[in-house]
Amino acid sequence: MGKLNELLRRIGRHKARGMPLVRTSDGHLVLWNKRYIVRQLLRETKLAKEFFGIKAISRPEAEEIASIVEERIRKLDLKFVSAPLIREIVNNVLLELSERNPAFVIYRNLCTRCGIPVYDAYTLLHLPRLSGHRVNSPDAIYRQLAYSSSREMALLLMPPHLADAHLKGDIHIHQLEHFLTRPLGIALDIRYLFLHGLMLTSRIRPFRPARRPEDAILQVAKAITYGSTHVALSEVILPITIFLAPFFKGVSPRGIRRYMRLFILEVMHAYITRGDPSLRISLQISPYVPAPWSSKHVVYKGVIQDELYEDYEEEARTIFLAMLHSHINICNLRPLSLYLTLLVHDDSVREYMKLKESILRLLSTEGEIHVERFPANVVGCHHAYDYPTIYMENELHKVADLENNFANFGLNQVVSVNLPRLAYKAKGSDEKLMELMRRAIEVAFEVFTVKQRWLKKAIANKLLPLLRQKIKGRPLWDLNCFNYVVGLVGLRDMILYHTGLHPSVDHSSRKLLVNLLSETRDFIQELSERQQMSISLVETKDEGICRRLAIADMLSPTYRYCAKKVVSGDVDRVARLLKRGSRDLPITYSNRKLLMIRSSLKTSLELENDIASYLDGHTVCVVVRDPNELSYLFKYLASESKITHLTLIKGFAGR
């Protein structure tokens, strides 16, 4: 009681001077002193020079702000104030004074706090099903709390006009929670594991090069886990059936099937460990050895052998079938983030026709499967099934030089552009529409520049140990070789609003679409050469992003009337929800082009091929209604189509 009485007397004396006690963020109760505010402003605004190129706040300005805050706190007549409350008042004062000095807006962004409201945190902790996680665990909840702060911090630390463009819905910056720390996707060339072993850093190598089948699959599974935690959440394993084939020479089909089941169970552990719904693991599989790899020397037991991968085609086919069988049998246990991707080249159609029944079983069980199609002598992949990285024939030397340069695929950042909003602003003018498109692309490039700077900081701060590894003095992974992607949202909706006719039924609308894509691609190529970046142009298929941008247009009084004409969904119900203040609206922009084989495929693919000709990768969803139609599909894949990624969706009954 004595200590409590002494504390109350101190409070009384301090209160008599008109100032309350302060409850600090580190858990202490201290007397009011405005010098703490001055120190905070001088310390935290130093970041303005590093991130925005403006000088930090001066001491006289900091003292002026501290005096204003002190006077406002005194007028509140409180016994206690918390550090967050003081910080918020400081930020309010900075915003008020920003008319005098615009730099104060930047200072406010640097001095604010990142976090989520208590109710939202409670929802994550006690109502986990409402949070949308596939894995409910304490670590998953902690991760979502951290992601919320990371997204807020990323917006605060980028130029305000870029953050405003994202928040207003002009663009969408993908995976903001990882913007400051990591790339978005990576492709693992597992041959480096078989040549050098699994290396955590340039000095730490827990696994020597594999010599037995079980060692090989364990190293690949551990590399996937390590990649998801230390590099990127979207991982593509380049043709695993081909690179594993030498290890299974002489192993019976039953033994290979047992090994593949063990491998998939090991890979599942990566998802269970992360508990992150944005994790995507794609395993490229092929029943044969295509041209890009057939002439490459085998990597086996830490040595580049004289044999070629084409000598192991029988083992690759057996592994392919074993992978399909294992994947189907553990479908109920398998997380939704693990996919098998069928790798198809122009010369492989006959091989897939022999295995049609196995592929149909996979489609029947999974509901949908992914197919990547590339011409002969082209190597590539799609990160998160939409965003491509492709090596053309004249770049295959990057794949062939095993000693110094593996297949170094990667995706640094994606920025999607809200195309229907450009049409709303253009008001029917083709020239204005193209001008607005160029401005939007320039904004996306500014985002890429900021991301590039943050990735360099991450490497310098040793946040990405896998990407810092070097072999014989050369980096194993080079972020400069990773790709940036400009995504297009609502491409057909933009043309529909601009011309009043859909490009699939009107020739002039299709011509405008093709001209717009052609000029956009030329403009991106020009900026790529100027900025020395690898930039791709694709159509965004992510349903969540298309829905977010459609809702942003519907919430805006400026664009609401226009958006009603082209959005897909229950527009009548939207009006009632808006009156209630709801932002969870059942609308979206078109994002998935569903094609029915034979009935509309021939006519629809003409437009899709026109679009694909001006994009660096194009995804089409095909509904397979009849198992017999799969033959027609693979024959189509052997044609001169420009489409690089197909999603086959089950449209027939039965398993």
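Here are some notes:
- Surface accessible to a 1.4 Å probe, R211 within the full protein complex, Å²: 140
- Within the range 491-599, trypsin sites (Lys or Arg not before Pro) in DSSP loop having at most 12 other beta-carbon neighbours inside 10 Å: R580, R583, R598
- Additional length obtainable on full extension of the chain from I54 to N515, 0.36 nm per residue less Cα span: 161.8 nm
- The overall shape of the range 497-595 is prolate: from the C-alpha gyration tensor, with semi-axes ordered a ≥ b ≥ c, the ratio a/c is 1.5 or greater and a/b exceeds b/c.
- With all protein chains in place and ligands, DNA and RNA left out, the 1.4 Å accessible area ranks Y259, Y589, Y561 as Y561, Y259, Y589, largest first.
- What the Cβ-Cβ distance of R208 and V30 gives, at R0 = 51 Å and to the nearest 0.05, is a FRET efficiency of 0.35.
- The range 407-524 shape via C-alpha gyration tensor axes, a/c threshold 1.5: prolate
- Surface calculation, 1.4 Å probe, protein heavy atoms: Y142 sits at approximately 130 Å² accessible.
- Applying 0.36 nm per residue to the separation of R580 and S98 and subtracting their alpha-carbon distance, the gain on full extension is 170.1 nm.
- Heavy-atom accessible area order for S534, S148, largest first, 1.4 Å probe: S534, S148
- Accessible heavy-atom area order of S528, S58, highest first, probe of 1.4 Å: S58, S528
- In order along the range 93-104, phi translates into HN-Hα couplings of 5, 4, 5, 5, 7, 5, 5, 7, 9, x, 5, 5 Hz, rounded to whole numbers, per the Karplus curve 6.51 cos²θ - 1.76 cosθ + 1.60 with θ = phi - 60° and x for Gly and Pro.
- Counting only protein heavy atoms and using a 1.4 Å probe, the accessible area of R72 comes to about 90 Å².
The values are calculated or read from the model by the stated rules, or taken from the named source; none is laboratory data. As the structure is a computational prediction, the values presented were derived from the model and not from experiment. All Cβ positions, even for glycine, are placed from backbone atoms using ideal geometry, and neighbour counts span all protein chains on display. These area figures cover heavy atoms from the full protein model, side chains too; ligands, DNA and RNA do not enter into them. Shrake-Rupley method; radii C 1.70, N 1.55, O 1.52, S 1.80 Å.
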